[in-house]
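Step one of this worksheet: look at the structure below.
The values are calculated or read from the model by the stated rules, or taken from the named source; none is laboratory data. Bear in mind the structure is a predicted one, so any value in this text is a computation, not a measurement. Note that we place each Cβ from the backbone using ideal geometry, even for glycine, and neighbour counts take in every protein chain shown.
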Amino acid sequence: MEHTGMAQFTSPGGRFTARATTLKFLLEWAYGIQPSQHSGGPSWIGVDRYDIMAKADSNATDDQMKLMVQTLLADRFQLKLHHERREISAYVISVGKKPPKLFPPKDGETHALRFAPQMGPDQKIATYRIIATRYSLAQLADAFARQLGSVIVNDTGLDGEFDFTLDLTPDDSRPSPMDPTLLIGAIREQLGLTLKFQKAAVDFLVIDSVEKVAAGN
């Protein structure tokens, strides 16, 4: 998996912290876009790493924290950008012929996506189990887009948060648990959703200009 560093914030408190994080990842987090959903900008935005700390004036929501980071990127890196609508080849998630195997969240559950390796009789990892709680399909698309290296469009029309599990079982022909064929099959068979690679209209974020600052500052 691609290592991008860490970004987190606390609420109440409104404190944002990013550790060893690239500008590319901060841009994707702040604007709610996937890795292949932006273009332009120099190569260093995906290489140089920064530690960034910021504090909101008061308690802040997720959307407010993202707006704060957008302002920080504009002020500190002089980031200028614009939006475009483009037709590209992308993975599109849609509802299959049968009702999807998604379940309402349980009381007291927190929003999380966990990877739980399942051991086989030889004490080697046989299956990678993905356990999602209070997770939306839009968030699922964002999580897997980085692994598939392509934009994933949520075209299910299903809003809200769900609980679900996915078992990814590699074999000799597909040794990686994030192999696209393996993932597509698991989403179809275990969740009752389809994932097809096709043309789709997607919002793109285009970087017009950005200025480099010393990494680590």
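Within segment 163-176, not a single residue is farther than 20 Å from MET119 by Cα and at pLDDT below 90.
Counting only residues that are over 21 Å from LEU195 (Cα atoms) and of a type in the set (Phe, Trp, Tyr), segment 116-140 holds 0 of them. Against the numbered list (1) surrounded by fewer than 17 Cβ atoms within 10 Å (Cβ to Cβ); (2) in contact with a strand residue (DSSP E or B) (Cβ under 6 Å, 6 or more places away or on another chain); (3) of a type in the set (Ser, Thr, Tyr), TYR91 comes up short only at (1). You will find that of ASP172, ASP179, ASP155, the residue that is touching a residue at least 12 places away in the same chain (Cβ under 8 Å) and either out of contact with any Gly (no Cβ under 8 Å at 6 or more places or on another chain) or farther than 19 Å from ILE125 by Cβ (or both) is ASP155 and no other.
Based on this model, can you work out whether ALA132 counts as surrounded by 14 or more Cβ atoms within 10 Å (Cβ to Cβ), touching a residue at least 40 places away in the same chain (Cβ under 8 Å) and outside the structural domain of GLN37 (by TED's automatic domain parsing)? No; evaluated as a whole, the condition is false for this residue.
Yes/no matrix, rows are residues, columns are (1) assigned by TED's automatic domain parsing to the domain that holds HIS38; (2) modelled with pLDDT of 95 or more:
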{"residue": "THR61", "(1), (2)": "yes, no"}
{"residue": "LEU67", "(1), (2)": "yes, no"}
{"residue": "THR71", "(1), (2)": "yes, no"}
{"residue": "ARG76", "(1), (2)": "yes, no"}
{"residue": "LYS80", "(1), (2)": "yes, yes"}
{"residue": "TYR91", "(1), (2)": "no, no"}
{"residue": "VAL95", "(1), (2)": "no, no"}
{"residue": "LYS98", "(1), (2)": "no, no"}
{"residue": "LYS106", "(1), (2)": "no, no"}
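Please verify whether ILE187 is crowded, with 18+ Cβ neighbours inside 10 Å, of a type in the set (A, V, I, L, M) and under 14 Å from the mean Cα position of the chain (by Cα), treating the condition exactly as stated.
Values: crowded, with 18+ Cβ neighbours inside 10 Å: yes; of a type in the set (A, V, I, L, M): yes; under 14 Å from the mean Cα position of the chain (by Cα): no.
In short, no.
Against the numbered list (1) out of contact with any Ser or Thr (no Cβ under 7 Å at 6 or more places or on another chain); (2) crowded, with 18+ Cβ neighbours inside 10 Å; (3) not assigned by TED's automatic domain parsing to the domain that holds THR17, GLN123 comes up short only at (2).
Name the single residue, out of those in segment 190-217 being of a type in the set (Lys, Arg) and either part of a strand (DSSP E or B) or under 20 Å from the mean Cα position of the chain (by Cα) (or both), that is modelled with the highest pLDDT. Walk me through how you get there before you give the answer.
In the first step, residues of segment 190-217 are kept if they are of a type in the set (Lys, Arg); the result is 196, 199, 212.
Those still in the list that are either part of a strand (DSSP E or B) or under 20 Å from the mean Cα position of the chain (by Cα) (or both) too: 196, 199.
On the way: LYS196: 90, LYS199: 94.
Result: LYS199.
When each of PRO121, PRO105, PRO117 is tested for being of a type outside the set (A, V, I, L, M, F, W, C), assigned to a strand (DSSP E or B), without any contact (Cβ under 8 Å) to a residue 60 or more places away in the chain and over 21 Å from GLU28 (Cα atoms), the lone residue that passes is PRO117.
Only one of these is surrounded by fewer than 19 Cβ atoms within 10 Å (Cβ to Cβ) and either outside any helix (DSSP H, G or I) or β-branched (Val, Ile, Thr) (or both): ARG86, ARG76. Name it.
Details: ARG76 fails: either outside any helix (DSSP H, G or I) or β-branched (Val, Ile, Thr) (or both).
Every option except ARG86 fails the conditions.
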